[in-house]
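Chemist: My structure is below; once you've seen it, I'll send some questions.
Derivation of every value follows stated rules applied to the coordinates shown; laboratory data play no part. Everything numeric in this text was worked out from a predicted model, so none of it was measured. Reconstructed Cβ throughout: ideal geometry from the backbone, glycine too, with neighbour counts over all protein chains shown.
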Amino acid sequence: MNRIKESIRTVPDWPIQGVMFRDITTLLQDPDVFRESCDVLYNRYKDMQIDKIVGIDARGFVFGAVLAYKLNIGFVPVRKKGKLPYKTINASYTLEYGENVVEMHEDSIAKGEKVIIVDDLIATGGTIAAAVELVEKLEGEILELACIIELPDLKGREKIKNYKLFSMVEFEGD
């Protein structure tokens, strides 16, 4: 996991002053590290009985879609408001530097389907908590939440404390 952490670029003061943005585009550009991070997820979930992978807009799509493909199961996008063409359900949330609304198609998860929710990063936990809310509205069963990066100082785990969270790397205090 050291190679994964070392491949992530830190961009100070983006998108606003005081935010240390963890940029995974450098990880994605390195085929060996990208493959390694996807393989970590696949090896963690390959023996579980999972029906759907839910990926959060936008970078959660990258890892979630690869994982769904490798597991041969469906992929469900959680998108920012107004981006999905069919009937949707929505949840609002606050994040480190603003507020937003995410949506999911109302027919994307059937009652009782087993789900893993994937995003690139958990900071304050707002986005992933909103995705949890959407899956619960459709009565899906959340097996675990997964991310590449966790920022523990921002206490995102507190918003999702009733769920198991897997994160590959942590960045603390800097």
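Chemist: Work out the length of the dipole vector of the chain about its Cα centre, built from +1 on the beta-carbon of each Lys and Arg and -1 on the beta-carbon of each Asp and Glu, and round it to the nearest 20 debye.
Modeler: Its charge dipole is roughly 360 debye.
Chemist: Counting DSSP beta bridges with both partners in the range 49-170, what percentage is antiparallel, nearest 5?
Modeler: Antiparallel: roughly 30 percent of the beta bridges in the range 49-170.
Chemist: Taking the Cα centre of the chain as the origin and placing charges on Cβ (Lys, Arg +1; Asp, Glu -1), which of Ile109, Leu151, Tyr42 is farthest toward the positive end of the dipole?
Modeler: The one lying farthest along the dipole's positive direction is Ile109.
Chemist: Under a point spin-label approximation (7 Å from Cα along Cα-to-Cβ), what is the Glu99-Lys80 distance to one decimal in nm?
Modeler: In this crude label model, Glu99 to Lys80 measures out at 1.7 nm.
Chemist: How do Asp119, Asp23, Asp107 rank when sorted from fewest to most other Cβ atoms within 10 Å of their own Cβ?
Modeler: Fewest-to-most ranking of Asp119, Asp23, Asp107: Asp107, Asp23, Asp119.
Chemist: Next question, about the same structure. Can you name the helices of the chain, as whole DSSP H runs, whose Cα span along the helix axis is 20 Å or more and whose Kyte-Doolittle mean is not below -1.0?
Modeler: Span-like helices in the chain: 31-45.
Chemist: Excluding same-chain residues fewer than 8 positions from Lys80, which lysines have a Cα within less than 20 Å of its Cα?
Modeler: Cross-link targets: Lys52, Lys137, Lys159.
Chemist: Based on the alpha-carbon gyration tensor of the range 10-107 and its eigenvalue square roots a ≥ b ≥ c, which shape applies: rounded if a/c is under 1.5, prolate if not and a/b is larger than b/c, or oblate?
Modeler: oblate
Chemist: Further question: Residue-wise, which Karplus ³J(HN,Hα) couplings in Hz belong to the range 148-162, taking 6.51 cos²θ - 1.76 cosθ + 1.60, θ = phi - 60°, and x for glycine or proline?
Modeler: Listing the rounded values in order: 7, 10, 10, 10, x, 4, 8, 6, x, 4, 5, 6, 10, 5, 7 Hz.
Chemist: For a footprinting-style exposure proxy, rank Val19, Val132, Val33 by other Cβ within 10 Å, fewest first.
Modeler: Val19, Val33, Val132
Chemist: Quickly estimate the mean residue ellipticity at 222 nm for the chain, helices only: each DSSP H run with n ≥ 4 gives -39500 (n - 2.57), and the total goes over all residues, rounded to 500.
Modeler: -8500 deg cm²/dmol
Chemist: Along the charge dipole of the chain, pointing to its positive end and built from +1/-1 on Cβ of Lys, Arg, Asp and Glu, which listed residue (Thr88, Ile142, Phe63) has its Cα farthest out?
Modeler: Looking along the dipole axis, the top candidate is Thr88.
Chemist: Show the residues, 5+ positions off or on another chain, whose built amide H is closer than 5 Å to the amide H of Val19.
Modeler: Amide H neighbours of Val19: Asp13, Trp14.
Chemist: Hey, another quick one. Assuming R0 = 22 Å, what is the FRET efficiency of Glu133 and Lys164, from their Cβ-Cβ distance, to the nearest 0.05?
Modeler: The value I calculate is 0.85.
Chemist: Once you have the Cα-Cα distance between Lys114 and Asn72, take 0.36 nm times their residue separation minus that, and quote the gain in nm to one decimal.
Modeler: Full extension of this stretch gives 13.7 nm more.
Chemist: With the cut-off at 1.5 for a/c, could you classify the range 64-123 from its C-alpha gyration tensor as rounded, prolate or oblate?
Modeler: It is oblate, given that a/c is not under 1.5 and a/b is not larger than b/c.
Chemist: Also, quick follow-up: Classify the range 85-158: rounded, prolate or oblate, from the alpha-carbon gyration tensor (a ≥ b ≥ c, eigenvalue square roots; a/c under 1.5 rounded; otherwise prolate if a/b is larger than b/c)?
Modeler: oblate
Chemist: What FRET efficiency would be calculated for the residue pair Phe21, Lys46, taking the C-beta separation as r and a Förster radius of 35 Å, to the nearest 0.05?
Modeler: Computed FRET efficiency for Phe21 and Lys46 comes out at 0.65.
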